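The values are calculated or read from the model by the stated rules, or taken from the named source; none is laboratory data. Fair warning: this is a prediction, and the values are worked out from it, not measured in the lab. Positions of Cβ are generated from backbone atoms using ideal geometry, with glycine treated the same way; all protein chains shown enter the neighbour counts.
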């Protein structure tokens, strides 16, 4: 008999769509994939060279379970300089990617029956992580009209005597929403008043556009900082998704427990990747700005194109590299006899008939939307959007 909890976990739809698209490509089909959750740029050369040098210098052994001191020092400096947050080395945890670190923090905070508040739309893995701990996900539904952001009042309404934690993601995957300083301050007041914990997932912090400003909610007060675990990593900003380095800053006791858990599961993050991450954080940041500039151009084209396709709408995302596209006006329509009943059927029919892969919004908690990533080349994106336009135009 297998574990009931493990069997209850749903496979990641984002990975499932990408996998199917890759299989079709391997069969020789010309598939355009909008499912990517990673930059299409190569890891900067300076970071790769640092990793090669690390191998030659013998950094191929175990490190402290919670991360190398020299990487922790780089993270402390980063938090202080860029976020105005002051941490000691024993308040930093380095793990095998931000996803790994988030799951460990949830594991350390949530008991069976505890409630975890998750704004929706949400990143696909949050509810599954909560489920693995026996916790209960409580969703706070935001809408396109709300710019996909919850308010302090909406948060307060969902808090009960079982509430343990809020998971906040800004900039957001899948919507690209970025909470303003005022919006975060209002949420912070509720968190402090209700004495709950907050995981602030800030992995996309360097990818904000227009006049948007990234603000860490942990910075509003000392009391709030003690209740907030800030999550970040090198995957998105430095195009290092495969290197698997994420990190957390939080209260000493929480980090101590999470480090203990990590010591019995993964031992330590990869030594070579840790050296590469030091270079990413401490070296020149020119590549980050260049990548962001390219994403901004693609975002502008995608939003304008989607706006010109009858039946589709989307708001202009302020951060990350995703657009959450409203397909609700297409529900009930058919293509070659196949009816669009929701985001999953839309995605399947689009992939089969137009050879375009998008991620169904039901994976993120809203079946009226699909997610498109603009972390693909402009040329590929234009081809894919033209196919979507033709597909939607042919629906009956």
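Looking at 102, 75 in this structure, which one is under 19 Å from residue 265 (Cβ atoms), out of contact with any helix residue (DSSP H, G or I) (no Cβ under 6 Å at 6 or more places or on another chain) and touching a residue at least 40 places away in the same chain (Cβ under 8 Å)?
102
Name every residue in region 368-381 that is under 19 Å from the mean Cα position of the chain (by Cα) and assigned to a loop (DSSP other than H, G, I, E, B), in order of residue number.
Those that are under 19 Å from the mean Cα position of the chain (by Cα) and assigned to a loop (DSSP other than H, G, I, E, B): 374, 375, 376.
For region 159-186, which positions are closer than 30 Å to residue 360 by Cβ, out of contact with any strand residue (DSSP E or B) (no Cβ under 8 Å at 6 or more places or on another chain) and not in a loop (DSSP other than H, G, I, E, B)?
183, 184
Taking the residues in region 4-15 that are out of contact with any helix residue (DSSP H, G or I) (no Cβ under 9 Å at 6 or more places or on another chain) and either in the same structural domain as residue 129 (by TED's automatic domain parsing) or in a helix (DSSP H, G or I) (or both) as candidates, determine which candidate is surrounded by the most Cβ atoms within 10 Å (Cβ to Cβ).
Ranking the candidates gives 15 first.
Based on this model, can you work out whether residue 244 counts as within 30 Å of residue 288 (Cα to Cα), in contact (Cβ under 8 Å) with a residue 24 or more places away in the chain and surrounded by fewer than 18 Cβ atoms within 10 Å (Cβ to Cβ)?
So residue 244 fails the test.
Any idea which of 117, 150 is assigned to a strand (DSSP E or B), farther than 30 Å from residue 275 by Cα and touching a strand residue (DSSP E or B) at 6+ places or on another chain (Cβ under 6 Å)?
117
Take the residues in region 322-337 that are touching a residue at least 12 places away in the same chain (Cβ under 8 Å) and more than 32 Å from the chain's Cα centre (by Cα); name whichever of them is surrounded by the fewest Cβ atoms within 10 Å (Cβ to Cβ).
336
Taking residue 131, is it assigned to a helix (DSSP H, G or I) and either within 21 Å of residue 217 (Cβ to Cβ) or modelled with pLDDT under 95 (or both)?
Here the answer is no, as residue 131 does not meet what is asked.
Does region 43-57 contain at least one residue that is under 22 Å from the mean Cα position of the chain (by Cα) and at pLDDT 95 or above?
yes
Looking at region 123-141 only, could you name the residues that are closer than 17 Å to residue 170 by Cβ and free of Cβ contacts under 8 Å to residues at least 24 places away in the same chain?
140
Looking at region 250-288, which of its residues are surrounded by fewer than 16 Cβ atoms within 10 Å (Cβ to Cβ), in contact with a helix residue (DSSP H, G or I) (Cβ under 9 Å, 6 or more places away or on another chain) and under 12 Å from residue 63 (Cα atoms)?
266
Looking at 368, 336 in this structure, which one is more than 30 Å from residue 243 (Cα to Cα), touching a helix residue (DSSP H, G or I) at 6+ places or on another chain (Cβ under 6 Å) and assigned by TED's automatic domain parsing to the domain that holds residue 10?
368
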